[in-house]
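The values are calculated or read from the model by the stated rules, or taken from the named source; none is laboratory data. Please read these numbers as outputs of a predicted model, since none were measured by experiment. Here the Cβ positions follow ideal geometry from the backbone for every residue, glycine too, while neighbour counts run over all protein chains shown. The accessibility values were calculated without ligands, DNA or RNA, using every heavy atom of the protein model including side chains. Shrake-Rupley method; radii C 1.70, N 1.55, O 1.52, S 1.80 Å.
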Amino acid sequence: MTESTEAKIWQEVASPFCGIASDDLTIKVEGNTVTVQENGDAITKKGFETPISDTQARIQGKEVSLEQAISHATDLLRNSKQPVIAGLATDLNGARSAMALADKSRATIDHLHSKAAFRNILVLQDTGWMNTTLTEVRNRVDLLVVVGSDIEVGFPRFFERMVWNEESMFGQEIESREVVYLGKTPSGDASTSPKGKKAQIIACDDADLPEVISVLRALLKGKTIQADQVGGIPVSQLATLADRLQQAKYSVVTWSASMLDFDHAEVTVQNVCEMVKELNAETRSSGLPLGGKDGDTTANQVSAWQAGYPMRTNFSRGYPDYDPYLSDTNRMLADDEVDTLIWVSSFDIDQTPPPSTAKTVVLGRSGMRFEQEPDVFIPVGTPGIDHEGRAFRTDSVVSVPLRKLRDSGLPSTFEVLSAIEKSL
Amino acid sequence: MLTKLTGGRVYDPAHGIDGKVQDIYIRDGRIVDAPTDGKINEEIDLRGKVVMAGAIDMHTHIGGGKVNIARTMLPEDHAADVVARTELMRSGCGHAAPSTLTAGYRYAEMGYTAGFEPAILPINARQAHMEMHDTPIIDKGGYVMLGSDDFLLRMMAANNDQESINNYVAWTMTHSQAIGVKVVNPGGINAFKFNQRKLDLDEQNKYYGVTPRDILMRLAQAVNELGVPHPLHVHGCNLGVPGNLGTTIDTMEGINGLPMHMTHIQFHSYGTEGDFKFSSGAAEIAESINKNKNITVDVGQILFGQTVTASGDNMRQFAGSPHSHPNKWVCMDIECDAGCGVVPFKYKDQSYVNALQWMIGLEVFLMVDDPWRIFLTTDHPNGAPFTSYPHLIRLLMDKTFRNDVLSTLHPEAQKASHLASLEREYSLYEIAIMTRAGAAKLVGLADRGHLGVGGAADITVYTDHVDREKMFSKPDYVFKDGTMVVKDGELINVTWGTTHVVKPDYDISIEKALKPYFDRYHTQKMGNFKMSNDEIVDDGRGSLTIQPLHKGGAL
Ligand SMILES: [Zn+2]
């Protein structure tokens, strides 16, 4: 990334706001006002352009110094019997400091997108997968199957960057790429090719998706299906899709777990992943889970290397104790098991803590509004705007450096959590 | 502050010192001369003790994407070895894929003061260094993986000259903060993306027409011409395939005398004789190593029990996935750069194949003559977790113990090996070569692995116990950069080691080709791919140590 000093125009800026972490943005900065000039979309614009409003910490709604807020948060944590550190929408060093604090305060850690993330993590821990990453997709995909997800809502530039890019390294005719939606119908035209070829849509209700995927996998295994249709889809149509998957040289099956919002969606993800593995007996095929929003990949990565486990790990016994069900902090909060909640949400002012009876400390992006004023609010900087940082992309492989674009004086999550840890 | 370590029996092969009683002086983290005025602030009595430099693990998977997949994937393995927080130490977990913090503590407790991650994908370098940054006490560094990356293969297919390849290699090393270059299943990871399922030494990549032999030659030459001290680090073709010994020997002898390091050679030393069509090729492999002085190897010894295999070699890991235990595994294609495969595995002493793998590793250890050219590894965690090193050292130093273990293994495998007849027992001096002096020389660490004046005060002190496993499990003292970090086998201080790199020169014109390559084909910009020196320093705890290149490039 380069800085043009005169106009304060930043080139090749990476976005931490969506899981594909596009890093070709041009950003203009005037004082504290940030504008996405090139390659923006609804998500990156909101992410970069949300203005700073409050910069002062508060205790019970009253403005205090940062030191007072930190000291009050420390007291709450010191007296807590069951603390939770959640939200965890932050960057690498924010996640590191949250882990250190959780270890010291014997807290439970969780991320605000864990519900979706665990639809994938449980599969990784049970049977695994064969996955690919964004640059491979960009250069190799010949058949993209989108399972149960309207991905352009969450990842507006996915098709532009990974499917309808100008050229493939391997001389593939880009226009020959095919897109099939299985389940949800896309809300826009991002999946339409440059020359106007529309994606094929094989629609069904979410509720029928598990069965549809099971039938598709069974067909690929050469099993005979008695029914004529499943979830309103003719089995012959699924048989054709199975055939295309077998013929394809590098198919990619993608899903956004947040959109597979039905009970035990992990079983469907598992069926997809096993199907992809089985396809690799003859040809190449890969899964591509799309997620990584609000730092969820980063939080899970750091937790995995520091504790050995992903989110939903509890340190109350002095060592990491992983339980994806008991340590689901939404459940814990709803069941009044938590007395103190530290909520970290530095990317999105709308990601506020879930309502609960716990004493609540929020490290939030400036401008956050609350239905219920937290006990402590500390406005923190946004990684990649107010301070430097690093963030993982959806594929858990690539991480991008985040730059400090302005001098807002807002502290980083790392600074605040580290200060709490030190004074604890 | 001057500390005197008095009267220890010193094993310092870098200076030819083999068990001589002598004093060592430490000041400001370095080994210094005896003070002329005789003034000493602190004296530690080491009479009767064994003193060596801190041990160096030259090949251990401690950081990066595939290691973290292994961690996330194995909650049940961690559960049996969770580690509670103490006043001094963070909590974590151990066994096959330990947390970074626990890994650092345990290495130090075993007398190790450095570990090198052997498979840093350029595109994942940032993560590998983040993890190593969170690994306390030990120094670290890594070898960057090339050979299946499309940029190199495109250059080779276009017949670019060696100089431009040298530039690309140096550029990649610099911006991924590496100290060496590794190649894994040369070109095979790439070929797998084109649905090739095997790639022998002279087999062509379907798309590029390039062979593994070409890739090895180009990269070995680049590393040599750039003056990088660590020779090209090679994970060869056909890992784990019965009968691969021929390819392995061909690989070693075909490199035309260029320096080359063959890693986890045990996995590449298999014949096809006998009823099981699986036999030991250790004798032929050792003979070739003994003959070809340009070759170094580490063994990748397997030890029995549950572990996890994590490799860049997705072609071979996919082939091995039916053997996963427990039954779960991951393979990934990665960023037109590389790939990975993570397959949990349990080595069983009553399995013919596993028992023979154990014997093959030990045979190689015992039949390679020169301890300066063979290194003690389990390819952590692929053959076994690094915490089993003291056990492995005992197997090497104690023939009776070795043969006692051998006699309990699969009976048919025992008949297929002449391990029982090998008399050799490693000496303390030879262990110090393999794990200190030789390792430092191989990695290219000028100031580590020895106890001479000017060297870093990374020092391990042992009690000379006849049970070598006991001896090497619990050092009396470990000093890291002069600070006592371990006393009586217990951690007493937590420090943070440095990251060792080299910075070979390159012509910036290589970016004229790289920038448009990133713009057109990649999903990350070239500028954001580069890992800065500041990222190693990070929150202030990290530091960068630039090791010297061999003078004038070529050796
Ligand atoms: Zn290895």
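The table for this structure:
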read-out	value
Whole-angstrom gap from region B:319-393 to region B:168-182, using each part's C-alpha centre	26
Computed magnitude of the charge dipole of the protein assembly as shown (debye, nearest 20; Cβ of K, R +1, Cβ of D, E -1)	700
Contour minus Cα-Cα distance for residue B:369 and residue B:42 (0.36 nm per residue)	113.6 nm
Which of A:349, B:156, A:272, positive extreme of dipole for the protein assembly as shown (C-beta unit charges)	B:156
Inter-chain shielding of B:317-330 (mean C-beta neighbours from other protein chains, 10 Å cut-off)	3
Ranked packing of B:10-23, A:290-303, A:207-220, most packed first, by mean Cβ within 10 Å	A:290-303, A:207-220, B:10-23
Rounded to whole Hz, the Karplus (6.51, -1.76, 1.60) HN-Hα couplings of region A:191-199, x for glycine and proline	7, 7, 5, x, 8, x, 6, 8, 5
Size of charge dipole - chain B - debye, nearest 20, with Cβ of Lys, Arg +1 and Asp, Glu -1, no other charges	520
HN-Hα J in Hz across region A:100-115 - Karplus 6.51, -1.76, 1.60, θ = phi - 60°, x for Gly and Pro	5, 5, 4, 4, 6, 8, 6, 8, 9, 10, 7, 10, 5, 9, 4, 3
Region A:129-197, dipole about Cα centre (Lys/Arg Cβ +1, Asp/Glu Cβ -1), debye to the nearest 20	120
Under 21 Å from the Cα of residue B:512 - lysines, other chains or at least 8 residues apart	B:503, B:525, B:530
Interface burial for B against A (accessible surface, 1.4 Å probe, total of both chains, Å², rounded to 100)	5500
Rounded Å value of the spacing that divides the Cα centres of region A:384-421 and region B:261-307	46
Partners for residue A:221 among lysines (Cα-Cα distance below 20 Å; same-chain residues under 8 apart left out)	A:249, A:277, B:328
Residue with peak Gaussian network fluctuation, chain A [Cα springs, cutoff 10 Å], from A:373, A:49, A:282	A:282
Karplus-derived 3J(HN,Hα), 6.51/-1.76/1.60, for each residue of region A:126-134, Hz, glycine and proline x	9, 9, x, 6, 10, 10, 10, 10, 4
Amide hydrogen neighbours beyond the local backbone of residue B:93, cut-off 5 Å, H modeled	B:83, B:99, B:102
Where N is the number of residues in chain B, Cα Rg divided by 2.2 N^0.38 Å	0.92
Dipole of the protein assembly as shown, positive end: most advanced residue of B:62, B:219, A:290 [Cβ charges, Cα centre]	B:219
Contact order relative to length of chain B, as percent, for alpha carbon pairs under 8 angstrom and 6 or more apart	20
Percent RCO, i.e. relative contact order, over region B:428-525, from Cα pairs under 8 Å lying at least 6 residues apart	13
Within-15-Å neighbourhood charge of residue A:339 [Cβ basis; K, R +1; D, E -1]	-1
At R0 = 22 Å, FRET efficiency that the Cβ-Cβ distance of residue B:512 and residue B:157 yields, to 0.05	0.70
Pairwise centroid distance, computed over Cα atoms, of region B:446-519 with region A:344-358, Å	43
Shape call, region A:79-127: gyration tensor on alpha carbons, a/c limit 1.5	prolate
Estimated FRET transfer efficiency when R0 is 35 angstrom, pair residue A:282-residue B:284 (beta carbons, to 0.05)	0.45
Cβ-derived FRET efficiency at R0 35 Å, residue A:185 paired with residue A:335, nearest 0.05	0.40
Taking chain A and dividing mean pair separation by its residue count, relative contact order in percent (alpha carbons under 8 Å, at least six apart)	24
Mean ellipticity per residue at 222 nm, deg cm²/dmol - from DSSP H runs of n ≥ 4 across chain A, formula -39500 (n - 2.57)	-9000 deg cm²/dmol
Global form of region A:1-124, assessed from the alpha-carbon gyration tensor, a/c cut-off 1.5	oblate
Charge context of residue B:378, other residues only, Cβ under 13 angstrom, K/R +1, D/E -1	-3
Placed amide H near residue B:44: partners under 5 Å, 5+ positions off or other chain	B:4, B:5, B:6
Rg over Rh, two decimals, chain A (C-alpha only, Kirkwood Rh)	1.00
Ordering of A:405-411, B:355-361 by burial proxy (mean other Cβ atoms within 10 Å per residue, highest first)	B:355-361, A:405-411
Residue B:275-residue A:172 pseudo-label distance in nm [points 7 Å out on the Cα-to-Cβ vector]	4.9
Other protein chain Cβ atoms within 10 Å, averaged over every residue that makes up B:58-69	3
Environment charge of residue B:338, counting only residues whose C-beta is closer than 11 Å and scoring Lys/Arg +1, Asp/Glu -1	-4
Percent of beta bridges antiparallel (DSSP, the protein assembly as shown, rounded to nearest 5)	45
Selection from B:486, B:438, B:392 lying farthest towards where the dipole of region B:372-495 points positive, charges on Cβ	B:438
Residue-averaged [θ]222 nm for chain B, counting only DSSP H segments that reach four residues, each worth -39500 (n - 2.57)	-9000 deg cm²/dmol
Inter-probe distance in nm under a simple model that places probes 7 Å from Cα toward Cβ, at residue B:551 and residue A:54	6.7
Aspartates and glutamates whose Cα lies under 15 Å from that of residue B:198, excluding same-chain neighbours fewer than 8 positions away	A:282, B:313
